[in-house]
1. Using a Förster distance of 35 Å, how high is the FRET efficiency between A125 and N36, based on the Cβ-Cβ distance and rounded to 0.05?
2. Using only the Cα atoms of the stretch 60-106, what semi-axes does the equivalent ellipsoid have when each is the square root of 5 times a gyration tensor eigenvalue? Give whole Å, largest first.
3. When you count, for each residue, the other Cβ atoms within 10 Å and take the mean per peptide, how do 109-117, 27-35 rank with the highest first?
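Laboratory data are not the source of any read-out in this text; all were calculated from the coordinates shown. Bear in mind that the values here come from a model prediction, so they are computed numbers and not experimental data. In this analysis, Cβ positions are derived from the backbone assuming ideal geometry, glycine residues included, and neighbour counts consider all displayed protein chains.
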Amino acid sequence: MEIKIAITIDASLAQTTIDTVTTVENSLPMLINLTNDDRHNLAKMGDKTLAFVTKTLEYAKQNPSVVPAFLNVAEFENNVTTVNNLSRMQKPLRQLIEEIDDTTLYVGSEAYTDALTFYTALKGAAKANVPGMKSVYDDLQARFPGRGKGTPPTPRNKKNNSKDNTENDNSDEPTT
């Protein structure tokens, strides 16, 4: 995968986006949160079920003599309208979340790879007794708990992104 993106999301843009999301969230105070048990126990409605539900509503409206007394058709119609509108809202939001997730993953991977590349160079400088580099190396080396002394994951080679270079390597020493 050779994707090169040069983007900047500064604090102002991040805050504007967060404020916009907050505005949208505040405009929807009727939204709810379900527990995992609630989610598990509810009847699920997908795309195919939506067509059934919509057609059923139309038949219920056309045939009121068959509608059970306990079924409120106006509420049924409101539920169908609401789920259709929520679905329309959900699609672009899901796409946006996927794009944010993918961009975060990619840019984070690039930043981490850059950090590991510098760490490897720093390790060489510390071993070569470059003044002041031993303390910097020791500080960064402490950031890899549980991997043994100085064993961060291996950075992938940015020029060759073959499968062997992109998978997480748990070797003892980072490479460049």
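1. On the way: r = 51 Å, r/R0 = 1.44.
The calculated FRET efficiency here is 0.10.
2. On the way: eigenvalues 323, 12, 8 Å².
Gyration-tensor ellipsoid for the stretch 60-106: 40, 8, 6 Å.
3. Details: 109-117: 14.7, 27-35: 7.3.
Result, highest mean Cβ count within 10 Å first: 109-117, 27-35.
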